[in-house]
Amino acid sequence: MADDRPKPFRRSRAVAPSSQVELNRRQFLRGGAAAAGGILAAGGVPNAIAAGRAENLPPNVPPWSKFLGASVDAHPYGMPSPHEKEVVRRSVEWLTATRESSINFTPLYALDGIVVPNGLCFERHHGGAPEIPPEDHRLMVHGLVDDALIFTMNDLMAFPPESRFYFLECAANGGMEWRGAQLNGCQYTHGMVHCVQYTGVPLKTVLQECGVKPKGKWLLVEGADSAGMTRSIPIDKAMEDCFLAYSMNGERLRTEQGYPLRLLVPGWEGNMWVKWLRRIEVGDQPWYHREETSKYTDLLEDGKAREFTWVMDAKSVITNPSPEMPMRRKGRQVLKGLAWSGRGAIKRVDISMDGGRNWKTARLDNPVLAKCLTRFYFEWDWNGETVYLQSRAMDEFGYVQPQVQDLTKVRGVNSVYHNNGIQTWLINPTGEVENVRLG
Ligand code: MTE
Ligand code: CO
C-alpha cells in the first residue's frame, strides 16, 4: 500500500509536475491581464476579473437585473457560484500508486479567513473513503477500563456537546520539498492543511464514562476503513484536549473527513486524527504499529529515525501572492497568508522581501486561536522589482519557524515528514511568482 512518501523526487528549481498545474498556469496566463501581452498589463489591471463585458457595465443594464433569477427550488443544497469552479481540491498524479490510497490538496490560494469550507478540505485516505450508515456505526472502548462499552452515534450525541476550531496538518505536508523546490503552487506545497469548527464531545468525557484503570497510560485508536488505521496516543493528551467530532462547520462530517465519527488530536500530526473511528483500546504501553514506526517518523541523516514526533511546529505560507496568484498590478498591494502552530497560538508573523535579510511584522487578523489557522495581512508597494518573499511564524512560546537551511542542518534531507521550513516565493518583474529554494 502506498504511503505519504513522494515518488519520484523531481530535482529542479521550480517544476509544475502535473498536467493540472500546467493547466492552472495556462489558465491564469490566458486570463484578463495576460491578454495584454504579459501577466502585468501596461498600467496594471486591478485583478483578473476586472476586464468585464462592456454591454454589462454602466450605464448599460445587464440581463440579471432585467429578468427573474433562479427559484428557491433550484439548489436544495447550495453550491459555490459556477464562476468559482476552478476553486477545487486537486491532486498530483505521480505522488501515489493508487487513487484510493492518495491525497488531494486544499486550494489555499483561493481562501479567505481561517475556516476551510467542507468541500475544500484536503483528503488523505490510506484505503479510500468508506460510506458508513450512522445507525450501523459503533465506537467500542475496551482494555484497561472498569466498564468496556459500545456506543451508538445517538449515545455519543447525548453527551453535552462542545464546538472547537482546530487546524489539521498532515505530517507529510511539504514532504516533497525537502531536496529543493518541487511543486509550483501553494495548493501543492502547503495544501495538506485545513481548519474547521468541529462539534462533538471531549474524549475525556467518554473515557470517564468507561473508567480508565490507573495502569491505563496509552490508547490505541482504530478506524473502520479498509486501511484499519491505528495509532497509539498517550493518555495525558487524550485527557487534555482530544475530541470526538461528528460535525464540521455546522453540519455532519463529510464522508471524506470520517463520517460519522472522527478523532481530533489538536496540534498533533494529522495521521493520528483517525477517521471513521470505531475502537479505542486502553493499554499500558504504545503498540508501535506501522503508522508510528516505518511511517510518520523522521528519518535523520545517520539513518536513525526519531520516535514519536507528534506536534506540528509553527509554520506559515503566503497564499497571495503565490504561483497561483501572480502580481496583477504595480503599486499598493495587500499580501495574504496563513500561519499555525500545534503548540498553541500564533504570536507574530514577519515578512521579508529579500530572502530573509530584513523583516517587517505582518498584521494578524482576528480571531487568533490556539492550534488553529491564523490569517495575516501585510500592506506593501511593488514597483516591478524582483522580490524573494518569505513569511516567518512565531508562536506564543517564542518558537520561530526556521529557514530551510537551518532545518536541514539538523534533520538532513532524507525525511518526508514535519517540514516546517520557511517558503520562498520569487516574484519576477513580469509578475509571475515561482517556488524557489535559496542558498
Ligand atoms: N483515518 C483513517 N481511518 N484512515 C486514513 O487513511 N488518514 C490520516 C488521518 N486519519 C487516515 C485517517 C491522515 S495521514 C491524515 S493527514 C488525516 O486523516 C487527513 O484527514 P482529512 O482527510 O480529513 O484531511
Ligand atoms: Co497524513
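The values are calculated or read from the model by the stated rules, or taken from the named source; none is laboratory data. Given the structure is predicted, the values throughout are model-derived calculations rather than measurements. We place every Cβ from the backbone using ideal geometry, glycine too, and count neighbours over all the protein chains shown. Remember, those area values only see protein heavy atoms, side chains included, never the ligands or the DNA or RNA. Shrake-Rupley method; radii C 1.70, N 1.55, O 1.52, S 1.80 Å.
For this structure, a couple of remarks:
- Cβ-Cβ distances below 6 Å connect the following pairs, each with a first residue in region 85-109 that is at pLDDT 95 or above and assigned to a loop (DSSP other than H, G, I, E, B), a second residue that is open to solvent by 40 Å² or more (accessible area, probe 1.4 Å) and within 16 Å of ligand 2 (Cβ to nearest atom), and a separation of six or more residues or different chains: Asn104/Arg89.
Per-residue answers, yes or no, for (1) within 15 Å of ligand 2 (Cβ to nearest atom); (2) among the small types (Gly, Ala, Ser):
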{"site": "Pro117", "(1), (2)": "no, no"}
{"site": "Gly143", "(1), (2)": "no, yes"}
{"site": "Met153", "(1), (2)": "no, no"}
{"site": "Gly174", "(1), (2)": "yes, yes"}
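- In region 284-294, the residue that is surrounded by the fewest Cβ atoms within 10 Å (Cβ to Cβ) out of those that are within 21 Å of Pro266 (Cβ to Cβ) and among the charged types (D, E, K, R) is Glu292.
- The residue that is least open to solvent (accessible area, probe 1.4 Å), counting only those in region 376-411 that are among the β-branched types (Val, Ile, Thr) and within 19 Å of Leu299 (Cα to Cα), is Val404.
- Checklist (1) within 15 Å of ligand 1 (Cβ to nearest atom); (2) out of contact with any Pro (no Cβ under 8 Å at 6 or more places or on another chain); (3) modelled with pLDDT of 95 or more applied to Gly250, failing item: (1)
- Residue within region 156-169 that is out of contact with any helix residue (DSSP H, G or I) (no Cβ under 6 Å at 6 or more places or on another chain) and within 16 Å of ligand 2 (Cβ to nearest atom) present: yes
- Among the residues of this structure, Ala181 does not count as one that is assigned to a loop (DSSP other than H, G, I, E, B), surrounded by 20 or more Cβ atoms within 10 Å (Cβ to Cβ) and within 14 Å of ligand 2 (Cβ to nearest atom).
- Subset of region 134-190 (residues that are over 21 Å from Lys295 (Cα atoms) and of a type in the set (Ser, Thr, Tyr)): Thr152, Ser163, Tyr166
- Restricting attention to region 229-273, the residues that are among the β-branched types (Val, Ile, Thr) and part of a strand (DSSP E or B) total 2.
- Qualifying residue in region 316-326 (condition: closer than 26 Å to Leu264 by Cβ, open to solvent by 40 Å² or more (accessible area, probe 1.4 Å), at pLDDT 95 or above and assigned to a strand (DSSP E or B)): no
- The single condition among (1) modelled with pLDDT of 95 or more; (2) of a type in the set (Phe, Trp, Tyr); (3) open to solvent by 40 Å² or more (accessible area, probe 1.4 Å) that Trp268 does not satisfy is (3).
- Condition check for Leu207: in a strand (DSSP E or B), more than 30 Å from Pro117 (Cβ to Cβ) and modelled with pLDDT of 95 or more: no
- Cβ pairs under 6 Å, 6+ apart, first in region 247-267 and under 22 Å from Met140 (Cα atoms), second polar (S, T, N, Q): Ser247/Thr199; Arg254/Asn118
- Just one of the listed residues (Trp273, Trp287) is aromatic (Phe, Trp, Tyr), more than 19 Å from Val115 (Cα to Cα), in contact with a Leu (Cβ under 9 Å, 6 or more places away or on another chain) and at pLDDT 95 or above, and it is Trp287.
- Looking only at region 290-308, residues that are assigned to a loop (DSSP other than H, G, I, E, B), in contact with a strand residue (DSSP E or B) (Cβ under 7 Å, 6 or more places away or on another chain) and either away from ligand 2 (no atom under 15 Å from the Cβ) or within 16 Å of Gly258 (Cβ to Cβ) (or both) come to 1 in all.
Yes/no per residue for (1) under 21 Å from Thr189 (Cβ atoms); (2) in contact with a strand residue (DSSP E or B) (Cβ under 7 Å, 6 or more places away or on another chain):
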| residue | (1), (2) |
| --- | --- |
| Arg348 | no, yes |
| Ala362 | yes, yes |
| Lys371 | no, yes |
| Glu385 | no, no |
| Tyr388 | yes, yes |
| Val404 | yes, no |
